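S.K.: Please read through the structure below; I'll follow up with questions.
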Amino acid sequence: MKTRFSTLDIMCAVKEIQKYKGMRLQRVYDIDHKTYLFKFQRNDEKCVLLLESGVRLHVTNYEWTKNDAPSSFSMKLRKHLSNKRLENLSQMGFDRIIDMQFGVGEAAYHVILELYDKGNIILADKDYVMINILRPHTEDEKQKFFVKEVYPNDRPKIRLSPPSENELSHIFKTAKPSTNLKKFIFANFPICLDYGSCLLEHMLVSGGLSASTKIGTDFNIDTDLHKLINCFVIAENFLDDLKNLKEGFIIKKIDKQVLPDGTIKELCTNQEYHPFLFAQHQSLPFATYGSFNEAVDEFYSNLESQKYDVKCMQQEKGAVKKLQNITKDHEERLRKLQEAQDEDKIKAELITNNLDLVDNSIQFIRQAVAKQLHWDEILDMIRQLNFEDDGNTYAIVKNLKLNVNHITLELFDPYNEDQKNKDSGKLIDIDLGQSAYGNAKKYYGSKKQSAIKEQKTIESSSSVLKMAEKKTKQTLKDMQVVASINKVRKTYWFEKFYWFISSENFLVIAGRDAHQNEVIVKRYMKPSDVYVHAGFSGATTVIIKNPTKQPVPPATLNEAAVMAISYSVSWTMKINLQNAFWVKPEQVTKTAPTGEYLTTGSFMIRGKKNYLPATHLILGLSFLFKLEDSSIPRHENERKVKGIEFENVINPEEENDDFENIASENESDEELEKIIEEKNTVKNLSNDYENNTDLKIQESKNPEADINQELNSNIQLSKDVNISSNCHEKCESNSKNEPESSDSDDDNDEQKENNELNKKAETVKPLILKRGQRGKLKKIKEKYKNQDEEDKEMRIKLLQSSMNENKKLKREKKKEKKIKKIDSKNKSAGKKQMLIKVLPIVNELPKETIQIGAQGAQEKFAENNDNSDDEADKTTDPSETQMLDSLTGIPYAEDELLFAVPVVAPYTALTNYKYKLKLTPGNTKRGKASKTCLNLFLKDKTATTREKNLMKSVNLQDIARNIPNGVKLSAPSLSKVLNSK
């Protein structure tokens, strides 16, 4: 398969790209460390030029995956070349070097692309002084390719002239007989290096020779030299007419494979690309394109997918060959058993036909042994004696095997005249411990045993072959599925880092080294994100990507802390209970104090560090599955923020056996009823407030009074009700900013009552059911099962009647005082903003001018509403959220899964995942750990065929990539997996 451009290819590519001269360079992108995209535009015309160091240069129409973080070389190219015209594009000499000039005069820059050996891309100024170089090196100890060095203009080769007849004759005299003509020319004539292998073979075939021609046999130096001279003329004429080439060609190869069912499978792969259909390729399958650029673009764009197809076919051939070997082995075994039966039958028959001779031989040897004669003496006696019958010899002792009590006789069939006249008979081992008849019986028994084995082999072979064929077909099917999965597989931008998705759907990334620590802070950390660090040197930098401006929940912070500490020396040293801290992005800076400096990957933290609880070193290994769009809604809110919500407070009407709000085991039924009724009271009060706020806005005829009333009621509600643990801190901050209460006795009483309510709400905490409480709960449900809404409201009113009567007058007095204070402080904008934050209903007001306060101060709430909408737009990143939602660790049977992604995360983030393996510090290497993990998941009985195929398609290197060095594996069925190996 062709891997890089030849000189001929460069000439054609440069000729076709000339039409893009004069276009401006808009942007430079890098695909990998040696492949770059130059995006040009002129009016409405656009083109993308692809440069790969040492390989190719062509215009591409395909979409290529670009690096999210441009390399330093790309940034340097952007700095000097952006918005400059492509003034010239030429081949330097007759070499595989291309010079691209951007700009003119003093502002001219050159991009030099080398397409041979290891390749190179060089950025130089107008005088060819190198500004930046992709691969700095020294060549021949003289030419230095470093920044500020001048690019050597004498480096490119020039076009050579073809050899003369005298030169050919002189060099061919040194050729050895039977040497391949093509190889000899390529090695001894430098001009053939410029031609390339394809043009060299084309000129030989066109000149009446072939690529397999041998000197001295097919080629005579004296008579055929003029043919070779004509071949060089053909090559030179081809190079001169190169401007007339307008098409491109891809040479293909068709591989055929016979499947177990007898069908033939064909795989067509691209092998080479050329600007001309050479003579040696005309009999091969090929595809024609409108230009050479199109052919090259098509070749390299389909290269990766074809690699998967070729690899799959090779594995399929291996599976089919294995099946063929099994079949061949069974056939060979049956053949040997049949031959053994025939052999034993012949030996038994010969012994039967020569019973007397065999018995005499046995008796003779027995007597000699009984006389304690030496073995050599026995052999001498045997040579002197012949057992004859009427002059015909039917038995001869050939060998003694007295160590095993055997002799070897050469027996002839006395009833076969042809065999009697032959010089040799059949050699048969005879047991001296048995008679001739006993030896014949032994051979007949051996024949019978071989027949039984043959029959069993025939019976078992059918089932074995069927199983092998079934397994082969399944293997072929799995390989096709894996190949299709690899083609669909999308590599996410965060996979180049350490990463995981928290249990609350936040993406967490961390750097693998100091360079990546710099990258994630400088390029990926946004103002709404959170910076987490273990607090000691060598630890990785962790960033929690926060698509909203809401505070990051504690569970996610703790999981990020586990990640920060695990990817540090704490893991190798097995140090548990380390503390990490988190700070806001504005606290992280690269500016070092005076007289100090920061190394790569190090940052200064300004201000207060928020330390997190000490964590254990417990990670987990699992798989996330990519969902098809139609399956995503099925997993909505699969990973959500953890916390107690108002709606989740248990109602006695609900039939729920897992009652978690029991205060203690010894509480009576009356106490339990009281707790439930108090919770329902709080819930209904909050629901009444939420349901009535909109109604007040719509029906109000006096906006000023209603707004003040809602302000005060909301402030009071924020004191009375503590919705959840996550909201607790917000309520405290809001209560600090509220207007100060008066020093009157009424206010003090009011405050005391509010505190008592808060204490009651805080004491009712969700607890786990204890012994006896489940029975009490059932009694409560039985008691309240027939209660309707009217009874429920009546009980709530009775509970609140005594409290409300005493509070009614006090609240009216306090409202009047607070209204006066609010009106007096509405003049200050800061206080006005505080009130707006405290009251959520303000954002729901109509966009019109509304009066606030008794003094008639006006405020445009429409502007505030517009600003809040803008902030909401900035706080969310829908693309990132959708991307995370499309990955699930809990696949359902009805889901359509596209591919699997291995993930290493804190074990708490994987609690609900279908597949998970616990990792703690240990001695197991990451490669073995990844194999064990995959085997464990594949043996899961609940795993579907699709899930197994998706996990099989993942490379073990990708699984092991994020595993720390040295782990201990823990899983419920892990020992079974290890023992089954």
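The values are calculated or read from the model by the stated rules, or taken from the named source; none is laboratory data. Quick caveat, the model's predicted, so the values are computed rather than measured. Here the Cβ is made from the backbone with ideal geometry for all residues, glycine too, and neighbour counts use every protein chain on show. What goes into the accessible areas is simple: the full protein's heavy atoms, side chains included, and nothing from ligands, DNA or RNA. Shrake-Rupley method; radii C 1.70, N 1.55, O 1.52, S 1.80 Å.
S.K.: What number of residues within segment 188-231 satisfy the criterion of being over 30 Å from residue 116 (Cα atoms) and of a type in the set (Val, Ile, Thr)?
M.R.: Total meeting the criteria: 4.
S.K.: Could you check residue 545 against (1) open to solvent by 20 Å² or more (accessible area, probe 1.4 Å); (2) within 30 Å of residue 636 (Cβ to Cβ); (3) of a type in the set (Lys, Arg) and say which number it fails?
M.R.: It is condition (1) that residue 545 fails.
S.K.: Looking at segment 130-150, is at least one residue in contact with a Lys or Arg (Cβ under 6 Å, 6 or more places away or on another chain) and open to solvent by less than 40 Å² (accessible area, probe 1.4 Å)? So that I can check it myself, show each step before the final result.
M.R.: Residues of segment 130-150 that are in contact with a Lys or Arg (Cβ under 6 Å, 6 or more places away or on another chain), as a first pass: 132, 138.
This time we only want the ones that are open to solvent by less than 40 Å² (accessible area, probe 1.4 Å), so: 132.
Yes - at least one qualifying residue is present in segment 130-150.
S.K.: Next up: Looking at segment 239-264 only, could you name the residues that are over 20 Å from residue 14 (Cβ atoms) and open to solvent by 100 Å² or more (accessible area, probe 1.4 Å)?
M.R.: Hits for segment 239-264 are 256, 264.
S.K.: Would you tally the residues in segment 488-510 being open to solvent by 10 Å² or more (accessible area, probe 1.4 Å) and part of a helix (DSSP H, G or I)?
M.R.: Selection size over segment 488-510: 4.
S.K.: Does segment 54-76 hold any residues that are touching an Asp or Glu at 6+ places or on another chain (Cβ under 7 Å), of a type in the set (S, T, N, Q) and assigned to a loop (DSSP other than H, G, I, E, B), and which are they?
M.R.: 61, 67, 71 - these are the residues of segment 54-76 that are touching an Asp or Glu at 6+ places or on another chain (Cβ under 7 Å), of a type in the set (S, T, N, Q) and assigned to a loop (DSSP other than H, G, I, E, B).
S.K.: A further question follows. Can you find even one residue in segment 589-606 that is open to solvent by less than 20 Å² (accessible area, probe 1.4 Å) and assigned to a loop (DSSP other than H, G, I, E, B)?
M.R.: First pass over segment 589-606, keeping only residues open to solvent by less than 20 Å² (accessible area, probe 1.4 Å): 601.
Now narrow it down to the ones that are assigned to a loop (DSSP other than H, G, I, E, B): 601.
Yes - at least one qualifying residue is present in segment 589-606.
S.K.: Closer than 21 Å to residue 53 by Cα, in contact with a Ser or Thr (Cβ under 9 Å, 6 or more places away or on another chain) and in a helix (DSSP H, G or I): does that describe residue 113?
M.R.: Numbers: closer than 21 Å to residue 53 by Cα: yes; in contact with a Ser or Thr (Cβ under 9 Å, 6 or more places away or on another chain): yes; in a helix (DSSP H, G or I): no.
When the stated conditions are applied, residue 113 does not pass them.
S.K.: Let me ask you something else. Which pairs turn up if I take residues in segment 137-157 that are over 15 Å from residue 110 (Cβ atoms) and look for partners that are open to solvent by less than 90 Å² (accessible area, probe 1.4 Å) and among the small types (Gly, Ala, Ser) with beta carbon separation below 7 Å, at least 6 apart in sequence or on another chain?
M.R.: 157/93
S.K.: If you check 34, 66, 76, which single one turns out to be touching a Gly at 6+ places or on another chain (Cβ under 8 Å) and touching a residue at least 12 places away in the same chain (Cβ under 8 Å)? Let's see the steps before the verdict.
M.R.: Working: 66 fails: touching a Gly at 6+ places or on another chain (Cβ under 8 Å); 76 fails: touching a Gly at 6+ places or on another chain (Cβ under 8 Å).
Answer to the check: 34.
S.K.: Then there's this: Specify the residue that is farthest from residue 7 (Cα to Cα); the eligible residues are those in segment 181-223 that are open to solvent by less than 50 Å² (accessible area, probe 1.4 Å) and either without any contact (Cβ under 8 Å) to a residue 12 or more places away in the chain or touching a strand residue (DSSP E or B) at 6+ places or on another chain (Cβ under 6 Å) (or both).
M.R.: Step one: of segment 181-223, the residues open to solvent by less than 50 Å² (accessible area, probe 1.4 Å) are 181-182, 184-185, 189, 191-192, 194-196, 198-204, 207, 209-211, 213, 215, 219, 221.
From what is left, the residues that are either without any contact (Cβ under 8 Å) to a residue 12 or more places away in the chain or touching a strand residue (DSSP E or B) at 6+ places or on another chain (Cβ under 6 Å) (or both) are 181, 192, 210, 213.
On the way: 181: 22, 192: 11, 210: 23, 213: 25 Å.
Out of the qualifying residues, it is 213.
S.K.: While we're looking at this one, here's another question. Exactly one condition in (1) under 17 Å from residue 435 (Cα atoms); (2) at pLDDT below 85; (3) of a type in the set (Asp, Glu) is not met by residue 376; state its number.
M.R.: (1)
Okay, residues lined up against (1) open to solvent by less than 30 Å² (accessible area, probe 1.4 Å); (2) modelled with pLDDT of 90 or more; (3) touching a helix residue (DSSP H, G or I) at 6+ places or on another chain (Cβ under 6 Å):
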| position | (1), (2), (3) |
| --- | --- |
| 617 | yes, yes, yes |
| 624 | yes, yes, no |
| 643 | no, no, yes |
| 650 | yes, no, no |
| 653 | no, no, no |
| 661 | yes, no, no |
| 668 | no, no, no |
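S.K.: Of all residues in segment 20-47, which are open to solvent by 30 Å² or more (accessible area, probe 1.4 Å) and among the acidic types (Asp, Glu)?
M.R.: 32, 44, 45
S.K.: A follow-up question, please. Just the residues that are touching a helix residue (DSSP H, G or I) at 6+ places or on another chain (Cβ under 7 Å) and farther than 17 Å from residue 456 by Cβ, please, taken from segment 327-361. Before the answer, list the steps.
M.R.: Residues of segment 327-361 touching a helix residue (DSSP H, G or I) at 6+ places or on another chain (Cβ under 7 Å): 327, 330, 333-334, 337-338, 340-341, 344-345, 347-348, 351-352, 355, 358-359.
Answer for segment 327-361, where residues must be touching a helix residue (DSSP H, G or I) at 6+ places or on another chain (Cβ under 7 Å) and farther than 17 Å from residue 456 by Cβ: 327, 344, 345, 347, 348, 351, 352, 355, 358, 359.
Yes/no per residue for (1) within 30 Å of residue 516 (Cα to Cα); (2) touching a helix residue (DSSP H, G or I) at 6+ places or on another chain (Cβ under 6 Å); (3) at pLDDT below 95:
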{"site": "98", "(1), (2), (3)": "no, no, no"}
{"site": "106", "(1), (2), (3)": "no, no, yes"}
{"site": "117", "(1), (2), (3)": "no, no, yes"}
{"site": "122", "(1), (2), (3)": "yes, no, no"}
{"site": "141", "(1), (2), (3)": "no, no, yes"}
{"site": "148", "(1), (2), (3)": "yes, no, yes"}
{"site": "151", "(1), (2), (3)": "no, no, yes"}
{"site": "156", "(1), (2), (3)": "no, no, yes"}
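S.K.: I'm trying to understand the selection: among the residues of segment 561-588, which are part of a loop (DSSP other than H, G, I, E, B) and either among the aromatic types (Phe, Trp, Tyr) or on the phi > 0 side of the Ramachandran plot (or both)? Can you show your working first?
M.R.: In the first step, residues of segment 561-588 are kept if they are part of a loop (DSSP other than H, G, I, E, B); the result is 567-568, 574-577, 579-580, 584.
567, 574, 577 - these are the residues of segment 561-588 that are part of a loop (DSSP other than H, G, I, E, B) and either among the aromatic types (Phe, Trp, Tyr) or on the phi > 0 side of the Ramachandran plot (or both).
S.K.: Taking segment 511-528 as the search range and keeping residues that are part of a helix (DSSP H, G or I) and open to solvent by 100 Å² or more (accessible area, probe 1.4 Å), which one is nearest to residue 590 (Cα to Cα)?
M.R.: Of everything passing the filter in segment 511-528, 522 is nearest to residue 590 (Cα to Cα).
S.K.: Hey, among the residues in segment 889-929 that are over 30 Å from residue 630 (Cβ atoms) and free of Cβ contacts under 8 Å to residues at least 60 places away in the same chain, which one's most open to solvent (accessible area, probe 1.4 Å)?
M.R.: Across segment 889-929, the extreme among qualifying residues is 925.
S.K.: In segment 241-287, what residues are among the polar types (S, T, N, Q) and assigned to a strand (DSSP E or B)?
M.R.: Across segment 241-287, the qualifying residues are 257, 269, 270, 271.
S.K.: Which helices (runs of 4 or more DSSP H) sit wholly inside segment 887-981 and have at least 3 residues that are closer than 20 Å to residue 574 by Cβ? I'd like the intermediate steps shown before the answer.
M.R.: Details: elements: 926-938, 945-952, 956-960, 974-979.
Result: 926-938.
S.K.: Return the pairs, sorted by first residue and then second, in which the second residue is assigned to a helix (DSSP H, G or I), the first residue lies in segment 277-295 and is more than 26 Å from residue 18 (Cβ to Cβ), the beta carbons are less than 7 Å apart, and the residues are 6+ apart or on different chains.
M.R.: Listed by first residue and then by second, the contacts come to 279/202; 279/205; 279/206; 280/201; 280/202; 280/205.
S.K.: Next up: Only one of (1) within 30 Å of residue 19 (Cα to Cα); (2) open to solvent by less than 20 Å² (accessible area, probe 1.4 Å); (3) of a type in the set (Phe, Trp, Tyr); (4) assigned to a helix (DSSP H, G or I) is not met by residue 232, so which one is it?
M.R.: Unmet for residue 232, out of (1) within 30 Å of residue 19 (Cα to Cα); (2) open to solvent by less than 20 Å² (accessible area, probe 1.4 Å); (3) of a type in the set (Phe, Trp, Tyr); (4) assigned to a helix (DSSP H, G or I): (1).
S.K.: Here are some residues: 595, 601, 620, 607. Which one is within 30 Å of residue 947 (Cβ to Cβ) and of a type outside the set (A, V, I, L, M, F, W, C)?
M.R.: Details: 595 fails: within 30 Å of residue 947 (Cβ to Cβ); 601 fails: within 30 Å of residue 947 (Cβ to Cβ); 607 fails: within 30 Å of residue 947 (Cβ to Cβ).
The conditions single out 620.
S.K.: Limited to segment 561-586, what total is found for residues that are within 17 Å of residue 517 (Cβ to Cβ), open to solvent by 20 Å² or more (accessible area, probe 1.4 Å) and in contact with a Ser or Thr (Cβ under 6 Å, 6 or more places away or on another chain)?
M.R.: 1
S.K.: Can you tell me how many residues within segment 935-966 are hydrophobic (A, V, I, L, M, F, W, C), open to solvent by less than 20 Å² (accessible area, probe 1.4 Å) and within 23 Å of residue 311 (Cα to Cα)?
M.R.: Selection size over segment 935-966: 5.
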